[in-house]
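Reading through the structure tokens given below for one structure.
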Amino acid sequence: MAFTRTELLRYQNTEVPDLLGPGLRLLFVGINPGLWSAATGTHFARPGNRFYPALAAAGITDRIIRAGEGMTEDDRSHLISRAVGITNVVSRASARADELDREELQEGALRLADKVAMLGPRVVAMAGITAYRVGFGRPKAQLGRQPETIGGAELWAVPNPSGLNAHQTVATLAAAYREPALAAGLVPAGNVDR
């Protein structure tokens, strides 16, 4: 499946439904959906995004989910059965995350805290340190476990898997994503697959 730029622009401001299920233990939080994600209705769907390869390499999933054309029901069920969910700080799609302003990120952070309190995951992993710093008012925050919680859940800031974050590799993302998965009790202690 391929989209032209004109086709993708039709999805500006579209929302992608959260991926949530019973027994949620680890909630990954993106900044906001990209246009490709909005077009396919699937989080982190843009071809080249390293989110799903990193989940597999970290042992969070037992296979790489190929989301570029949209996620299958089997893939959705697999993530839910693994007690993994996905949402965003800001629900509306945009071509680039830098199209979001400070106020939108801060409002999204407040909504996220309410959502987390309602859903009750053990751990929340924010994929994007800059958006975390702005939205949560933590300008000096570093990647890793945060000193505060969100909605009663342990909070982690992890690298964004976008191809624009070029210095991160699938292996470094997998190592970063494995830490909150360990805290959530989803993966056994040990090495990340390389």
Cβ-based charge dipole, region 1-140, positive-most Cα from MET118, PHE3, THR72: MET118
The chain - percent of accessible surface contributed by carbon and sulfur, probe 1.4 Å: 51 percent
Simple spin-label estimate for ALA95 and GLN142 in nanometres, 7 Å along Cα-Cβ: 3.7 nm
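What helices in the chain pass both tests, a Cα length along the helix axis of 27 Å or more and a mean Kyte hydropathy of 0.5 or higher, using whole DSSP H runs? Walk me through the intermediate numbers first.
Numbers: long enough: none.
Going by DSSP H runs, there are no hits.
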Most mobile of SER94, SER37, SER81 in a GNM of the chain (Cα contacts under 10 Å): SER81
Region 25-38 - phi-based ³J(HN,Hα) in whole Hz, Karplus 6.51/-1.76/1.60, Gly and Pro as x: 10, 10, 10, 7, 10, x, 6, 6, x, x, 5, 5, 4, 5
Cα-based Rg of region 114-167 normalised by 2.2 N^0.38 Å, two decimals: 1.16
Accessible area of region 60-113 divided out per residue, in Å², using a probe of 1.4 angstrom: 50 Å²
Heavy-atom accessible area per residue - region 144-194, 1.4 Å, Å²: 49 Å²
Size descriptor, Kirkwood hydrodynamic radius, that averages inverse alpha-carbon separations across region 44-135, Å: 14.7 Å
Stretchable slack from ASP114 to ASP18, in nm (0.36 nm times residue separation minus alpha-carbon distance): 33.1 nm
Percent of C-alpha pairs per 10 Å bin, the chain, short to long: 10, 39, 40, 11, 0
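The values are calculated or read from the model by the stated rules, or taken from the named source; none is laboratory data. Just so you know, these numbers come straight off a predicted model, no measurement behind them. With ideal geometry, Cβ positions are generated from the backbone for all residues, glycine too; neighbour counts draw on all protein chains shown. Surface accessibility is based on the protein's heavy atoms, side chains included, excluding ligands, DNA and RNA. Shrake-Rupley method; radii C 1.70, N 1.55, O 1.52, S 1.80 Å.
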